[in-house]
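Down below is the structure, laid out as structure tokens.
The values are calculated or read from the model by the stated rules, or taken from the named source; none is laboratory data. For clarity, every value in this text was computed on a predicted model and none was experimentally measured. Don't worry about glycine lacking a Cβ; one is built from the backbone with ideal geometry, like all the others, and counts go over all protein chains shown.
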Amino acid sequence: MKLATPAGPVHLTYCTNIHRGERWDETRAALERHLPAIKAEASPDAPMGVGLRLSAIAAEALAEPAALDSFRRWLATHRLYVFTLNGFPYGPFHGTRVKEQVYEPDWRTPERLAYTTRLAQLMAALLPEEPGLEGSISTVPLGFRPGRDDPDAMAAYGANLLEAIARLVELERRTGKRIALALEPEPMCALETTAEAVAFLEERIFAAAARARLAARLSVAASEAEALARRHLGLCLDVCHAAVEFEEPEASLALVERAGIRVPKLQLSAALSVPRVERGTIATLRRFEDGVYLHQVVERAADGSLRRFLDLEPALAAIDEAIGREWRVHCHVPIFAERLGEGLASTRPTLEAVLAIQARRPISRHLEVETYTFDVLPAELRAERVEEAVARELRWARDRLAA
């Protein structure tokens, strides 16, 4: 939905990766089942934006002219519009072990580049004809962390992203639709924190050698190449991920602003927090271990030092060393939730701080609630119908933006 805020107009939606569906027919059926009901509760009197998630096979099927025309007619009938895509999970995302496979194929591969190019073409076809409205696509933080210290891997990441920028520039020249790609930092990935993401962009995308390469590819001056790179590539800041890393919103956002980096998408999300680890934390957290998603854990000691665990299991195995410390767990929980269980809290205060900043000055024009774990949360956290829960999250975010 389009909102008028003190900092200017923004588009607020939720990510449809909360709904099961990998093939296009499954995705379309899920959208038809859930979206009209959510709109009726969250935005009954005005058009509502959609944060669309498409797997690679769904994107290929939707690119067929008949399928695309049918979907556009359905969107128009229900007063829905697509302005952002989730291009993070390439393959299956529900009902099977996802874990670290969610980052594959990564940005070293031609498959990731081809998938993202297809999404950009679909975004250009779906984006409404509204002056000033661009499309955004969130994507993996390059890849899984084991490749982070490999200079060849980092060079390959940079080369493919430069080619992605070139294709987005050419797409805008052809269609007039501007699409921005947004790297999404996440714990235990090649880009784990906002600071790492800023450093990568400055070193691999905006630096002189990269500018020269992009300038040659597009037949433009180096200064124009940098401006085009900054226009078409930025960050997707997921508040859950930043909170798990114990980032302070003002400091992280100041770093991004000083570097002149755009935030095409801001994901509104909250993580699990264990303010003080105790032996009983094992039983409490095991209720959130679903076997599907990776639940990275970051531990903070009294001196502020951080220790990271790839998943809940290795963190719980080391709990004797963690007693009395604080944990943040990468498990998306409903952003309105206040109580999550004995000894647990939510990083909702971090999200409230980010929304307060957004209300004063725009971090991003695209805001997307993302609580994709709804199906696997403990039963008491999904007592509502998914439509009611999503609408409640959207209203919660909207109210804080207007405050």
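Side notes on the structure shown:
- Considering only residues in region 354-377 that are of a type in the set (D, E, K, R) and surrounded by fewer than 17 Cβ atoms within 10 Å (Cβ to Cβ), the one that is nearest to the chain's Cα centre (by Cα) turns out to be Asp375.
- Flag for Ile57 being within 19 Å of the chain's Cα centre (by Cα) and of a type in the set (A, V, I, L, M, F, W, C): no
- Output for region 204-244, where each listed residue is under 30 Å from Ala301 (Cβ atoms) and either touching a Lys or Arg at 6+ places or on another chain (Cβ under 7 Å) or surrounded by fewer than 23 Cβ atoms within 10 Å (Cβ to Cβ) (or both): Cys236, Ala243, Val244
- Subset of region 371-403 [among the aromatic types (Phe, Trp, Tyr) and within 12 Å of Leu268 (Cβ to Cβ)]: Trp396
- Ser305 being hydroxyl-bearing (Ser, Thr, Tyr), out of contact with any Lys or Arg (no Cβ under 7 Å at 6 or more places or on another chain) and within 27 Å of Glu257 (Cα to Cα): yes
- Complete set of residues in region 86-111 that are surrounded by 21 or more Cβ atoms within 10 Å (Cβ to Cβ) and under 17 Å from Ala63 (Cα atoms): Asn86, Gly87, Tyr90
- Residue in region 20-28 that is in contact with a helix residue (DSSP H, G or I) (Cβ under 6 Å, 6 or more places away or on another chain), under 23 Å from Glu388 (Cα atoms) and surrounded by 18 or more Cβ atoms within 10 Å (Cβ to Cβ) present: yes
- Where helices (runs of 4 or more DSSP H) sit wholly within region 1-102, those with at least 3 residues that are farther than 18 Å from Ala124 by Cα occupy 24-42.
- Within region 135-149, residues that are under 13 Å from Ala164 (Cβ atoms) sit with their Cβ atoms under 7 Å from residues that are among the β-branched types (Val, Ile, Thr) and modelled with pLDDT of 90 or more, at 6+ positions apart or across chains, in these pairs: Ile137/Thr116; Ile137/Ile179; Thr139/Thr116.
- Phe200 surrounded by 15 or more Cβ atoms within 10 Å (Cβ to Cβ), at pLDDT 95 or above, of a type in the set (Phe, Trp, Tyr) and touching a helix residue (DSSP H, G or I) at 6+ places or on another chain (Cβ under 8 Å): yes
- Here the condition is being under 17 Å from Pro110 (Cβ atoms) and out of contact with any Leu (no Cβ under 7 Å at 6 or more places or on another chain); of Gly176, Gly132, Gly158, it holds for Gly158 alone.
- Of all residues making up region 371-387, the number that are touching an Asp or Glu at 6+ places or on another chain (Cβ under 7 Å) and not hydroxyl-bearing (Ser, Thr, Tyr): 2
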